[in-house]
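Report on the structure given below.
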Amino acid sequence: MTETADTDFRPAQRHIRLDTILRLRWLAVLGQLAAIFIVAQGLEFNVEIVPCVSIIALSAALNLALQTVANPMHRLEPMQAAGLLALNIVELAGLLFFTGGLQNPFSFLFLAPVLISATALPARFTFGLGVLAVACASVLFFFHLPLPWDSDDPLVLPPIYLVGVWLSIVLAIGVTSLYSFQVTEEARKLADALAATELVLTREQHLTQLDGLAAAAAHELGTPLATIFLISRELEKTVKDASFAADLKTLREQTQRCRDILSKITQLSSEGAPFDRMRLSELIEEVVAPHRDFGVDIKVRIAVAAFAEPVGSRNPAILYGVGNIVENAVDFAHTTVEVNAWWNKDTIELLISDDGPGIPPDILNRIGEPYLSRRRTQEAGGGLGLGVFIARTLLERTGAKVSFTNRVFPEHGAVVQVTWPRDGFEAIETFEETIG
């Protein structure tokens, strides 16, 4: 029971603003100029100033051109952002060529563009930028000008040390980029899934607002219908033409019928929506009823308890959350789904189990995460892996604790346990409290 309901939600495509790239490039320009000034003037080392300043000037000119031509708030396509980051790597490689290659401690700045890509761009672009950075570092291992140093006491580093520097750059690019990508991807998935959850809640809220709209319509229509009724009755008394009088009678009767219907709606509104307060058994039956005609036997067992049956609100979050779990159980069950309920004075417990294959051990501890799905294709019935996440999120917002396990061998199948504090379950009154 690991599959989730399909939704209309799709994660947004990744984009990064031009302004963000330009800020980083300007920061690089200022840092590079400061480093050359300190080495040449402060330490009085011989530096190839003209080629280094030329590279920095070209970078600054490109920044100015981009700020002039394009809107800094424009969101770049991934390919465009990756191109600018690749240019940063090439510019850094050019500066390092004139300042000692891998002997220069600033060679580790190859890591920066790749990390930015790992947090903002798709994996294929990050991989490409990583390969470019490693290639540039490899070329600088063999080809570079001497490191700016005291000419009377030149610094000579052993080749084994340079190999270690090269290897550390390669490992740093690979490990830190992978870590950054994983962390960012999980955060992005969670944000997208929560957005989908809010979308579901909004749809459910629209349904709960229908009662209010109906009551408002009944109130507004009551006065004109009463006027129509009175006028038609008076006209019926004064008109002598039999056919016309019959039409007026029909008009009066239909007007009275409309008033009666609106009166019933008003009474329902004043007393609360139908089934606004429901016993736990009624709530379970409402959730289970839509899934009884799919060839799976759904057994509902309500335990006999010494305490009165809990009564709670007809809460859309609970109905959707429990309903999604029951739907998944029916999808994966072979023949039977069991829904067992039990309560005491402090706790309400709901167990939903099936006789299907159960939850695979490799995802048992991850069940309920967003975008976790065993079905690979839409043809197989797979969705985006959001249904269980949304169900769990909605139920936990009502104060429930949700856990997923498998039946004890030799039995097979998944078991979902939903537990509420009784006071919290019976105190849930409105939809707004659920999403607040």
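The values are calculated or read from the model by the stated rules, or taken from the named source; none is laboratory data. These numbers come from a predicted model, not from an experiment. Here Cβ is always computed from backbone atoms with ideal geometry, including for glycine, and neighbour counts include all displayed protein chains. Ligands, DNA and RNA are stripped out before the accessible areas are found, and what is left, the full protein with its side chains, is counted by its heavy atoms. Shrake-Rupley method; radii C 1.70, N 1.55, O 1.52, S 1.80 Å.
Observations, loosely collected:
- Summed side-chain charge close to GLU236 - residues other than GLU236 whose Cβ falls under 15 Å, Lys, Arg +1, Asp, Glu -1: +1
- Heavy atoms of ARG277 accessible to a 1.4 Å probe, total area in Å² rounded to 10: 90 Å²
- Cα-based shape type of the stretch 299-358, given that a ≥ b ≥ c are square roots of the gyration tensor eigenvalues and the cut on a/c is 1.5: oblate
- In terms of its C-alpha gyration tensor, the stretch 83-174 has a prolate overall shape, because the principal axis ratio a/c (a ≥ b ≥ c, square roots of the eigenvalues) is not below 1.5 and a/b outweighs b/c.
- Separation of the LEU64 and ALA135 label points, Cα + 7 Å toward Cβ, nm: 3.1 nm
- Ligands, DNA and RNA excluded, the heavy atoms of TRP342 present near 110 Å² of accessible surface to a 1.4 Å solvent probe.
- Around LEU24: net Lys/Arg minus Asp/Glu count, Cβ-Cβ under 15 Å: +1
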